[in-house]
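Reading through the structure tokens given below for one structure.
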Amino acid sequence: MAGRLAGKVAFITAAGQGIGRGAALAFAREGAQVWATDLNPKALAGIEGQHGIRSLEVYQPGDRFWSFQLIEAGLLVALAAVLLAIAVWLVHRRTG
């Protein structure tokens, strides 16, 4: 199925439901090779195989390593948001 995304690869997170699911299906319909992930493997099972979508398990329930990794990733995102806010404030202050 050739489309605007033919020959492209898409890695879609939170693809089990909502916007992530819609994005995965839309990208696949447009010809992309889609790798879909979600923390809830049951939700992800509903789209695996549709339009050639493949799933990739990224979380094992009860796996403490992944729990710590998710917390660490959340902290890094929060830190990045704070640094971005400071940068925007500094630029605004200089041009203000």
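Given 10 Å bins starting at zero, what is the percent of C-alpha pairs of region 1-59 in each, up to the one with the largest pair distance? Percent of pairs per bin, in order: 30, 56, 14, 0.
Using Cβ point charges alone (K and R +1, D and E -1), the dipole size of region 1-59 about the Cα centre works out to roughly 160 debye. Packing-based ranking of 10-23, 28-41, 82-95 yields 28-41, 10-23, 82-95, ordered from highest to lowest mean Cβ neighbour count within 10 Å.
Every number in this text was worked out from the coordinates using simple rules, so none of it is lab data. Please read all numbers here as calculations on a predicted model, not as lab measurements. In this analysis, Cβ positions are derived from the backbone assuming ideal geometry, glycine residues included, and neighbour counts consider all displayed protein chains.
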